[in-house]
1. Filter region 246-270 down to residues that are in contact with a strand residue (DSSP E or B) (Cβ under 6 Å, 6 or more places away or on another chain) and not in a strand (DSSP E or B), then give me how many there are.
2. Tell me which of these Cys150 doesn't satisfy, since it passes every other one: (1) surrounded by fewer than 18 Cβ atoms within 10 Å (Cβ to Cβ); (2) in contact with a Ser or Thr (Cβ under 7 Å, 6 or more places away or on another chain); (3) farther than 21 Å from Leu106 by Cα.
3. Any chance region 79-88 includes a residue that's crowded, with 23+ Cβ neighbours inside 10 Å and either among the aliphatic types (A, V, I, L, M) or out of contact with any Cys (no Cβ under 9 Å at 6 or more places or on another chain) (or both)?
4. Scan region 154-182 and report the pairs whose first residue is surrounded by fewer than 19 Cβ atoms within 10 Å (Cβ to Cβ) and whose second residue is aromatic (Phe, Trp, Tyr), with Cβ atoms within less than 8 Å and a gap of 6+ or a chain change.
5. Run Arg12 past the list (1) assigned to a helix (DSSP H, G or I); (2) surrounded by 15 or more Cβ atoms within 10 Å (Cβ to Cβ); (3) of a type in the set (D, E, K, R) and report the number of the one that doesn't hold.
6. Can you list the strands (runs of 3 or more DSSP E) found entirely within region 158-222 that contain at least 2 residues being modelled with pLDDT of 95 or more and under 22 Å from Gln240 (Cβ atoms)?
7. When residues of region 18-42 are filtered for being over 22 Å from the mean Cα position of the chain (by Cα) and hydroxyl-bearing (Ser, Thr, Tyr), how many remain?
Amino acid sequence: MLSVRKKGAASRAIGLISDFGLSDPYVGQMHAVLSRLAPGSRVVDISHGVQPFNITQGAFFLASSAPHFTRDAVLLAVVDPGVGSNRRIIVLRRDEQLFVAPDNGLLGLVAEYGDVCAYDLSSAENAVAEVSHTFHGRDVFSPVAAWLACGGGPENMGPQIPVSDLVRPAWSHADVGRGCARVHVLHVDHFGNCVLNLRVGELGPLEGLRLRTPLGRELRAVNTYSELPQGTPGLLEGSQGFFEVAVNRGSAARDFGLAIGDELELEWTP
């Protein structure tokens, strides 16, 4: 049973991401389960402000936050509009880190690089005493994460499956060609910067490049926001490991009419 804690096992850090917000008791109840089943684990709330049901944004929060955790951390992401359905419960191992999430695209970005293998832990629902139909974040995912944090191995709970079998939305990777790229907006931050599914370093040296969008707006490739005159848009490698379209002291989302999930084509002279 997942409720049985491994005595003496070293506890891993646990990172939490959800779309539950903080006005309801849901996050606190997940913390309660984790503290009961893995009392030695430090739980870090990455964000519970994912837009409701926004798998794209949740996947970005997960992929951009993982590098800042310990090598053996367990990261639990619950944005689960299909809760209670036959969608799978997945544990992804990338190098030494473990990721727990529903198989709905949340793992699409973290599965794109590193030494990755996946396990179907859908049977874990049968290994806990009480499971509601609408709150698997508390009743299934949290016990799984606690069990893993206390030394459990995903291979002991469910079969390994091909990573290629996971749900991989179009925004999981950018389509980059010579002088062009088809990308998606993963996140719009507080400042209106539009984070793209284009990873840092994916375009090579950008010095002197100027990019044009289908909207007829030209983007300068820059290293810092301050290199852009106020109100001018540009493309730069952001702090979260992905490129972003930004407007110095302005909002790229507003100026370009962009939102999470939108597709954008970039063209430039190689």
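The values are calculated or read from the model by the stated rules, or taken from the named source; none is laboratory data. Note that the structure is a prediction, hence the values are computed from the model and not measured. Here Cβ is always computed from backbone atoms with ideal geometry, including for glycine, and neighbour counts include all displayed protein chains.
1. Total satisfying the criteria: 6.
2. Checking Cys150 against (1) surrounded by fewer than 18 Cβ atoms within 10 Å (Cβ to Cβ); (2) in contact with a Ser or Thr (Cβ under 7 Å, 6 or more places away or on another chain); (3) farther than 21 Å from Leu106 by Cα, the one that fails is (1).
3. The answer is yes, given that some residue of region 79-88 is crowded, with 23+ Cβ neighbours inside 10 Å and either among the aliphatic types (A, V, I, L, M) or out of contact with any Cys (no Cβ under 9 Å at 6 or more places or on another chain) (or both).
4. Close Cβ pairs (under 8 Å, with a partner that is aromatic (Phe, Trp, Tyr)) amount to Glu155/Tyr119; Pro159/Tyr119; Gln160/Tyr119; Ile161/Tyr119; Gly179/Trp268; Cys180/Trp268.
5. Status for Arg12: all satisfied but (1).
6. Qualifying strands (runs of 3 or more DSSP E): 180-188, 194-199.
7. Going through region 18-42 one residue at a time, the tally reaches 2.
Yes/no matrix, rows are residues, columns are (1) within 19 Å of the chain's Cα centre (by Cα); (2) among the hydroxyl-bearing types (Ser, Thr, Tyr); (3) assigned by TED's automatic domain parsing to the domain that holds Arg87:
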| position | (1), (2), (3) |
| --- | --- |
| Ala146 | no, no, yes |
| Val195 | yes, no, no |
| Arg217 | no, no, no |
| Gly231 | no, no, no |
| Glu244 | yes, no, no |
